[in-house]
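S.K.: The structure under discussion is supplied below as structure tokens; questions concerning it will follow.
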Amino acid sequence: MRTAYNVETVRAAERELMARLPEGALMQRAAAGLAAACADLLGRVYGRRVVLLVGSGDNGGDALYAGARLARRGAGVTAVLLAPERAHSAGLSALRRAGGRAVGADGAERLIEQADLLLDGIVGIGGKGGLRPDAARLAEVADRARAAVVAVDLPSGVDADTGEVRGAAVRADLTVTFGTHKPGLLIDPAREYAGSVRLVDIGLALPQEAELEALQHADVRRLLPVPGGESDKYRRGVVGIAAGSARYPGAAVLAVYGALRGGAGAVRYVGPAADAVIARFPETLVSDRGPKHAGRVQAWVVGPGAGDDASAVAEVLASDVPVLIDADGLRLADRDAVRARTAATLMTPHAGEAAALLGVPREEVEGARLASARELAGRYDATVLLKGSTTLVADAGGGAVRVNPTGTAWLATAGSGDVLSGLAGSLLASGLSALDAGSVGAYLHGLAARFAADGAPVGAHDVAEAVPVAWRDVTDA
């Protein structure tokens with residue numbers, strides 16, 4: 001599992017390690033890894049032009065020491081000092097001894113335009129808000145330049161803890177981060193600024209519980225339901241789908257499609273789209289008596305394409321089994337009824353739906369995804385899967401937030417969320433917790449979309465069809 005820790009935790013671990021190491025040893029470890037990554041990116045170091053964008057503090061020191069290593073290998077290295085009086089003195093001396101030089105920020109544009117590689121050491125992980133005007137100007141020039149941009153620990157101008165970008169920031173092709181990932185490297189919008197991310201182990205001792213975690217194939221494989229010799233369709237779990245309307249019958253079909261691919265033994269459907277569901281999936285158990293009288297299920301999915309059918313949502317919320325609420329169900333669900341539930345609740349809004357529930361503009365949710373997911377989970381005492389370019393799963397009880405590492409931009413297509421609802425609901429019915437069902441569902445959904453798209457547009461039904469391919473890819477790894 002890939003983990004990320006907040007700045008306070010990283011700083012504490014760094015202080016503990018520095019107390020046991022010779023002075024400067026930790027920075028040298030970081031600089032060695034940084035220089036190696038830069039050398040790999042350049043391919044040939046000798047004769048290349050490297051420009052360091054250096055702010056004050058240790059982030060600039062890392063850049064200066066890495067620059068010194070590159071200079072000793074024959075690169076022409078120039079440090080642009082944004083705050084010359086506060087530049088890391090030992091790092092600056094090391095660079096000069098290695099044959100590098102340092103200049104002020106005035107006139108640095110030409111150096112940046114001619115560089116083969118730019119090393120962003122302007123602001124470290126403690127930076128808040130966007131870049132100051134002088135740094136913002138250089139970041140803008142760097143964005144237009146032909147040089148590869150490497151960020152030191154994280155791109156300057158992004159928030160390490162939240163992934164927020166509140167102003168100008170450096171856009172990197174590669175970010176070399178030290179000790180652990182920072183949340184901002186895994187969450188949009190900051191993730192878009194980081195480029196590829198390379199982790200350099202510097203020996204930090206970190207606590208067991210992280211701020212953020214991302215499942216990998218091995219983690220998902222351990223969580224996937226596997227039927228045993230004594231299993232039957234009921235022991236494997238039955239998921240109920242209360243979805244669709246006369247206007248949106250396709251939402252019901254797609255939710256059922258996702259549920260049939262999710263590992264449950266049977267799918268019950270309740271709603272006005274029964275004919276469309278049966279025509280496409282005759283194995284579905286259909287009822288016209290409403291959720292309360294549909295028969296026993298181990299989990300419910302309610303809301304996709306439901307229109308204004310508040311009664312079905314209320315009946316499902318009154319049940320004593322895990323419930324996934326999506327789409328129209330989010331709008332129709334009474335918050336007090338959700339909070340009063342004793343069984344698990346998983347809510348799956350996109351940014352617009354989350355914004356409506358929180359009473360804020362959509363842009364606020366998209367700009368602060370981590371805070372928004374946590375806030376919504378707290379308000380509803382539910383697990384929240386916030387869909388989007390970075391899909392997050394925040395548990396009702398707090399703890400590490402899960403970030404989904406799979407997916408493709410082609411997944412932004414009508415009906416894909418309905419497939420995810422059915423898939424995650426099926427995993428709920430098979431016995432997974434709301435956190436695990438949401439995380440595993442999002443992982444398989446994103447992976448299936450990659451396989452289905454393969455660089456071309458896809459429809460939601462293509463994603464559902466590819467779920468078994470994704471499942472096998474995970475289990476065969």
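The values are calculated or read from the model by the stated rules, or taken from the named source; none is laboratory data. Worth saying up front: this structure is predicted, and the values here are computed from it rather than measured. Cβ placement follows ideal geometry from the backbone for every residue including glycine, while neighbour counts extend to all protein chains displayed. Accessible surface areas use protein heavy atoms only, side chains included; no ligands, DNA or RNA. Shrake-Rupley method; radii C 1.70, N 1.55, O 1.52, S 1.80 Å.
To keep it simple, each residue is scored yes or no on (1) in contact with an Asp or Glu (Cβ under 9 Å, 6 or more places away or on another chain); (2) free of Cβ contacts under 8 Å to residues at least 40 places away in the same chain; (3) among the β-branched types (Val, Ile, Thr).
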residue: Ala396; (1), (2), (3): yes, no, no
residue: Ala412; (1), (2), (3): no, yes, no
residue: Ser421; (1), (2), (3): yes, no, no
residue: Ser430; (1), (2), (3): no, no, no
residue: Gly441; (1), (2), (3): no, no, no
residue: Leu444; (1), (2), (3): no, no, no
residue: Ala449; (1), (2), (3): yes, no, no
residue: Asp454; (1), (2), (3): no, yes, no
residue: Val467; (1), (2), (3): no, no, yes
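S.K.: While we're on this one: Tell me the residue from Ser433, Ser426, Ser439 that is of a type outside the set (D, E, K, R), modelled with pLDDT of 95 or more, closer than 28 Å to Val238 by Cα and surrounded by fewer than 22 Cβ atoms within 10 Å (Cβ to Cβ), please. Lay out the reasoning, then the answer.
M.R.: Numbers: Ser426 fails: surrounded by fewer than 22 Cβ atoms within 10 Å (Cβ to Cβ); Ser439 fails: surrounded by fewer than 22 Cβ atoms within 10 Å (Cβ to Cβ).
Unique residue meeting the criteria: Ser433.
S.K.: For region 398-410, which residues satisfy the criterion of being in contact (Cβ under 8 Å) with a residue 40 or more places away in the chain and either of a type in the set (A, V, I, L, M) or in contact with a Pro (Cβ under 9 Å, 6 or more places away or on another chain) (or both)?
M.R.: Filtering region 398-410 for residues in contact (Cβ under 8 Å) with a residue 40 or more places away in the chain gives 399-408, 410.
Once the filter is applied, which keeps residues that are in contact (Cβ under 8 Å) with a residue 40 or more places away in the chain and either of a type in the set (A, V, I, L, M) or in contact with a Pro (Cβ under 9 Å, 6 or more places away or on another chain) (or both), region 398-410 yields Ala400, Val401, Val403, Trp410.
S.K.: If you don't mind, there's one more thing I want to ask. List the residue pairs whose Cβ atoms are under 7 Å apart, where the first residue sits in region 350-379 and is polar (S, T, N, Q), the second is surrounded by 15 or more Cβ atoms within 10 Å (Cβ to Cβ), and the two are 6 or more positions apart or on different chains.
M.R.: Ser372/Ala354; Ser372/Leu358; Ser372/Val365; Ser372/Leu386
S.K.: Would you confirm whether or not region 22-39 contains a residue that is surrounded by fewer than 15 Cβ atoms within 10 Å (Cβ to Cβ) and modelled with pLDDT under 95?
M.R.: Checking region 22-39: at least one residue is surrounded by fewer than 15 Cβ atoms within 10 Å (Cβ to Cβ) and modelled with pLDDT under 95.
S.K.: Follow-up. Can you spot a residue in region 341-353 that is open to solvent by 40 Å² or more (accessible area, probe 1.4 Å), among the small types (Gly, Ala, Ser) and farther than 24 Å from Gly263 by Cα?
M.R.: There is no residue in region 341-353 that is open to solvent by 40 Å² or more (accessible area, probe 1.4 Å), among the small types (Gly, Ala, Ser) and farther than 24 Å from Gly263 by Cα.
S.K.: Restricting to region 40-62, give me the number of residues that are more than 29 Å from the chain's Cα centre (by Cα), more than 16 Å from Val123 (Cβ to Cβ) and open to solvent by 30 Å² or more (accessible area, probe 1.4 Å).
M.R.: So the count comes out to 6.
S.K.: I would also like to ask the following. Taking region 5-33, which residues are over 17 Å from Ala90 (Cα atoms) and touching an Asp or Glu at 6+ places or on another chain (Cβ under 6 Å)?
M.R.: Answer for region 5-33, where residues must be over 17 Å from Ala90 (Cα atoms) and touching an Asp or Glu at 6+ places or on another chain (Cβ under 6 Å): Tyr5, Asn6, Val7.
S.K.: Filter region 370-402 down to residues that are farther than 17 Å from Asp326 by Cα and open to solvent by less than 10 Å² (accessible area, probe 1.4 Å), then give me how many there are.
M.R.: The number of residues fulfilling the criteria is 3.
S.K.: List pairs: first in region 121-135 and without any contact (Cβ under 8 Å) to a residue 24 or more places away in the chain, second small (Gly, Ala, Ser) and open to solvent by 30 Å² or more (accessible area, probe 1.4 Å), Cβ under 9 Å, 6+ apart or cross-chain?
M.R.: Qualifying pairs under 9 Å: Arg132/Ala168; Pro133/Ala168.
S.K.: Check Arg296 against each of (1) over 13 Å from Ser430 (Cβ atoms); (2) open to solvent by 20 Å² or more (accessible area, probe 1.4 Å); (3) assigned to a loop (DSSP other than H, G, I, E, B); (4) in contact with a Ser or Thr (Cβ under 9 Å, 6 or more places away or on another chain) and name the one condition it does not meet.
M.R.: (4)
S.K.: Taking Arg15 as meeting all but one of (1) under 28 Å from Gly107 (Cα atoms); (2) open to solvent by 20 Å² or more (accessible area, probe 1.4 Å); (3) within 29 Å of the chain's Cα centre (by Cα), write down the number of the exception.
M.R.: With (1) under 28 Å from Gly107 (Cα atoms); (2) open to solvent by 20 Å² or more (accessible area, probe 1.4 Å); (3) within 29 Å of the chain's Cα centre (by Cα) applied to Arg15, the lone miss is (1).
S.K.: Hey, can you tell me all the residues within region 199-247 that are of a type outside the set (A, V, I, L, M), open to solvent by 40 Å² or more (accessible area, probe 1.4 Å), under 25 Å from Thr406 (Cα atoms) and touching a strand residue (DSSP E or B) at 6+ places or on another chain (Cβ under 7 Å)?
M.R.: Glu211, Gln216
S.K.: Consider region 400-442. How many of its residues are farther than 23 Å from Gly228 by Cβ and in a helix (DSSP H, G or I)? Quick ask: steps written out before the conclusion?
M.R.: So the first thing to find is which residues in region 400-442 are farther than 23 Å from Gly228 by Cβ, and the list is 400-422, 434-435, 438-439, 442.
Among the residues that remain, those that are also in a helix (DSSP H, G or I) are: 409-411, 416-422, 434-435, 438-439, 442.
Matching residues across region 400-442 total 15.
S.K.: Would you please name the residue that is nearest to Arg374 (Cα to Cα), looking only at residues in region 137-170 that are of a type in the set (A, V, I, L, M, F, W, C) and assigned to a loop (DSSP other than H, G, I, E, B)?
M.R.: Ala160
S.K.: Suppose the filter is open to solvent by 20 Å² or more (accessible area, probe 1.4 Å), within 25 Å of Val365 (Cα to Cα) and either free of Cβ contacts under 8 Å to residues at least 24 places away in the same chain or not charged (D, E, K, R) (or both); does Pro155 pass it?
M.R.: On the way: open to solvent by 20 Å² or more (accessible area, probe 1.4 Å): no; within 25 Å of Val365 (Cα to Cα): yes; either free of Cβ contacts under 8 Å to residues at least 24 places away in the same chain or not charged (D, E, K, R) (or both): yes.
Spelling it out, it is not the case that Pro155 is open to solvent by 20 Å² or more (accessible area, probe 1.4 Å), within 25 Å of Val365 (Cα to Cα) and either free of Cβ contacts under 8 Å to residues at least 24 places away in the same chain or not charged (D, E, K, R) (or both).
S.K.: Which pairs have Cβ atoms under 9 Å, sit 6 or more apart or on different chains, and link a residue in region 83-107 that is farther than 15 Å from Ile122 by Cα to one that is hydroxyl-bearing (Ser, Thr, Tyr) and open to solvent by less than 60 Å² (accessible area, probe 1.4 Å)?
M.R.: Partner pairs satisfying both residue conditions: Ala90/Tyr65; Ala94/Tyr65; Leu95/Tyr65; Gly100/Thr78; Arg101/Thr78.
S.K.: Looking only at region 263-292, which residues are part of a strand (DSSP E or B), among the aliphatic types (A, V, I, L, M) and without any contact (Cβ under 8 Å) to a residue 60 or more places away in the chain?
M.R.: Filtering region 263-292 for residues part of a strand (DSSP E or B) gives 266-270, 285-287.
So of that shortlist, the ones also among the aliphatic types (A, V, I, L, M) come out as 266-267, 270, 285-286.
Residues satisfying the conditions are Ala266, Val270, Leu285, Val286.
S.K.: For region 456-474, does any single residue satisfy the condition of being open to solvent by less than 10 Å² (accessible area, probe 1.4 Å), on the phi < 0 side of the Ramachandran plot, in contact with a Pro (Cβ under 9 Å, 6 or more places away or on another chain) and not polar (S, T, N, Q)?
M.R.: Checked against the condition, which is being open to solvent by less than 10 Å² (accessible area, probe 1.4 Å), on the phi < 0 side of the Ramachandran plot, in contact with a Pro (Cβ under 9 Å, 6 or more places away or on another chain) and not polar (S, T, N, Q), region 456-474 yields no hits at all.
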